[in-house]
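Laboratory data are not the source of any read-out in this text; all were calculated from the coordinates shown. As the structure is a computational prediction, the values presented were derived from the model and not from experiment. Backbone-built Cβ (ideal geometry, glycine too); neighbour counts: all protein chains shown.
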């Protein structure tokens with residue numbers, strides 16, 4: 001009988017200012033990416049003076065913050081592909097959407 005496997009722990013945070021209109025979009029993209037990789041994680045949301053929204057996975061920002069440290073509205077939301085890649089790096093899981101299509105031997 002094989003030993004049970006454990007998934008690497010995931011710390012997912014969405015940092016945002018109060019009433020940020022983009023939090024729902026980022027939250028939905030994170031849920032889609034988690035589902036695509038068969039992962040589960042609790043998404044912690046922290047409200048405060050952040051460039052908003054900022055997505056952090058295991059302590060690494062998916063899109064690094066702009067130079068402005070104070071509260072601001074971000075328009076550079078992470079894409080689902082960027083979130084998938086960040087989750088795959090954090091867990092060592094393969095991102096099914098990342099395929100090297102340029103090296104195919106088929107013609």
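Quick look at the values:
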read-out: Spin-label pair residue 28/residue 73, simplified geometry with 7 Å Cα→Cβ offset, distance in nm; value: 1.8 nm
read-out: Förster-model FRET efficiency, 35 Å R0, residue 19 and residue 58, C-beta, rounded to 0.05; value: 0.80
read-out: Globularity ratio of the stretch 12-94, using Cα Rg and 2.2 N^0.38 Å; value: 1.02
read-out: DSSP bridge pairs, the stretch 12-94: antiparallel proportion in percent, nearest 5; value: 45 percent
read-out: Residue order, fewest to most surrounding Cβ atoms within 10 angstrom, among 85, 76; value: 76, 85
